[in-house]
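**Q** This structure is in structure tokens; I'll ask about it shortly.
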Amino acid sequence: MISRVAEHCFWLARYLERSENTARVLEVNHTLLLDFHVPVEQQWRPALIISGIHDYAEEPTAERVQAFMTWDRENPFSIASSLAWARENARIIREVISAEMWERMNHYHLWMQAPESRELYDGNRSEFYAEVRRINQLLHGVADATMSHGEAWEFFKLGTYLERASQTARIMDVKYHTLLPKVEDVGSPVDNAHWVAILMSCSGYEPFHKKARATPMDPATAVAEFLIFDEQFPRSIKRCLWECESAIAAAAGNPVGRDRTKPERLIGELIAYLDARAIPDVIREGLHETLTHVVDSVHRIGEAVHATFFAADVRPPGSGVRPGPATATQSQSQS
């Protein structure tokens with residue numbers, strides 16, 4: 001498979017996942033602020049910071065930030081921008097994705113531009129973000145059920161889980177940036193409620209409570225352990241990295257004696273970093289520091305994927321840089 005097609009598959013998946021997780025970040029921040037007083041300057045700027053946006057010039061009010069992160073097409077992390085670039089990547093490789101997936105992509109691309117989506121956003125913000133999540137879950141389900149599971153699928157899968165690992169870490173870090181609780185607040189009912197809100201934003205409330213635990217622990221520690229280390233939950237960081245490891249090995253091919261590519265080595269190093277720690281180690285070293293290491297490592301893995309699989313593609317003179325993957329790469333460098 002030529003690298004151009006692989007690159008578009010990779011970024012199609014990353015943009016879809018990014019739009020969903022931007023909705024999750026906005027929703028969890030909105031939920032956390034409902035029952036907890038936070039100074040105005042600490043309420044919505046964290047939603048920008050964890051998306052890698054440090055130069056937002058206006059006052060970060062709730063409506064401004066949510067509009068910027070939802071509708072602004074100049075913002076590469078906004079929901080509208082991410083869905084538009086996902087659709088553009090899909091358009092370029094229509095011969096690779098299925099007709100059903102292309103139909104759904106177009107349907108939701110048009111929905112985002114229709115009055116119905118604005119009306120839902122204005123009338124029921126939580127339901128709007130939930131609808132964005134459902135859009136992406138449906139698209140991933142259609143892709144899984146209708147795309148051939150060959151090399152294109154492996155790059156699509158790699159993009160999905162690499163972005164998801166980073167975004168799960170970012171969603172968890174909302175609490176660190178937004179609340180920064182006092183020592184006496186840790187373990188309080190309000191503190192526990194915030195962790196439950198984060199868990200629900202990752203669609204992990206039911207799986208978390210259905211999981212048997214050998215050792216009792218406080219809710220905050222238990223939720224952090226689940227979202228970082230659980231080996232079965234599809235949005236946990238560790239599970240996402242396992243999926244990345246499987247996808248990139250399949251995409252690279254597995255001849256006997258083949259040396260691992262740089263992305264494979266970096267994914268293996270990040271998995272080893274987590275394997276060497278249990279949740280008490282993470283809490284002692286600092287949850288924020290661990291999550292930052294995950295996000296930074298995913299950024300390095302993304303760069304290595306580009307250099308290893310995509311950079312060698314020879315493009316026609318004067319063709320310019322393709323807007324989909326190039327914009328995504330640029331936005332990653334800002335994070």
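The values are calculated or read from the model by the stated rules, or taken from the named source; none is laboratory data. Only a predicted model underlies this, so the values are computations on that prediction, with no experimental measurement involved. Every residue, glycine among them, receives a Cβ derived from its backbone with ideal geometry; neighbour counts consider all protein chains shown. For accessibility, only protein heavy atoms count, side chains too; no ligands or nucleic acids. Shrake-Rupley method; radii C 1.70, N 1.55, O 1.52, S 1.80 Å.
**Q** If I ask for residues that are of a type in the set (A, V, I, L, M, F, W, C), open to solvent by 40 Å² or more (accessible area, probe 1.4 Å) and either in contact with a Gly (Cβ under 7 Å, 6 or more places away or on another chain) or closer than 13 Å to W71 by Cα (or both), which ones from segment 106-119 would you list? I'd like the intermediate steps shown before the answer.
**A** So the first thing to find is which residues in segment 106-119 are of a type in the set (A, V, I, L, M, F, W, C), and the list is 110-112, 114.
When the remaining residues are screened for being open to solvent by 40 Å² or more (accessible area, probe 1.4 Å), the result is 110-111.
Once the filter is applied, which keeps residues that are of a type in the set (A, V, I, L, M, F, W, C), open to solvent by 40 Å² or more (accessible area, probe 1.4 Å) and either in contact with a Gly (Cβ under 7 Å, 6 or more places away or on another chain) or closer than 13 Å to W71 by Cα (or both), segment 106-119 yields only W111.
**Q** Looking at R91, is it open to solvent by 60 Å² or more (accessible area, probe 1.4 Å) and either closer than 16 Å to Y15 by Cα or β-branched (V, I, T) (or both)?
**A** Yes: the conditions hold for R91.
**Q** Has segment 27-44 got at least one residue that is modelled with pLDDT of 85 or more, part of a helix (DSSP H, G or I) and open to solvent by less than 20 Å² (accessible area, probe 1.4 Å)?
**A** No - not one qualifying residue is present in segment 27-44.
**Q** Listed residues E59, E127, E103; which is surrounded by fewer than 20 Cβ atoms within 10 Å (Cβ to Cβ) and in contact with a helix residue (DSSP H, G or I) (Cβ under 7 Å, 6 or more places away or on another chain)?
**A** The match here is E127.
**Q** If the Cβ limit is 8 Å and pairs must be 6+ apart or interchain, which residue in segment 256-285 that is touching a residue at least 40 places away in the same chain (Cβ under 8 Å) pairs with which residue that is assigned to a loop (DSSP other than H, G, I, E, B) and aliphatic (A, V, I, L, M)?
**A** I279/M217
**Q** Ok, one more. Tell me, please, whether a residue that is more than 14 Å from A80 (Cβ to Cβ) and outside any helix (DSSP H, G or I) can be found in segment 116-130.
**A** Within segment 116-130, one or more residues are more than 14 Å from A80 (Cβ to Cβ) and outside any helix (DSSP H, G or I).
**Q** Out of R64, R73, I need the residue that is out of contact with any Lys or Arg (no Cβ under 6 Å at 6 or more places or on another chain), of a type in the set (K, R), open to solvent by 30 Å² or more (accessible area, probe 1.4 Å) and not in a helix (DSSP H, G or I). Which one?
**A** R73
**Q** May I ask you to list the residues in segment 73-132 that are under 22 Å from the mean Cα position of the chain (by Cα) and of a type in the set (D, E)?
**A** Within segment 73-132, E74, E88, E127, E131 qualify.
**Q** Out of S82, S98, which single residue is open to solvent by less than 40 Å² (accessible area, probe 1.4 Å) and free of Cβ contacts under 8 Å to residues at least 60 places away in the same chain? Spell out how you get there, then give the answer.
**A** Numbers: S82 fails: free of Cβ contacts under 8 Å to residues at least 60 places away in the same chain.
After applying the criteria, what remains is S98.
**Q** Quick one: what pairs do we get from segment 212-225, first residue of a type in the set (S, T, N, Q), second at pLDDT 90 or above and open to solvent by less than 20 Å² (accessible area, probe 1.4 Å), C-beta under 6 Å, 6+ apart or different chains?
**A** Listed pairs, sorted by first residue: T221/I279.
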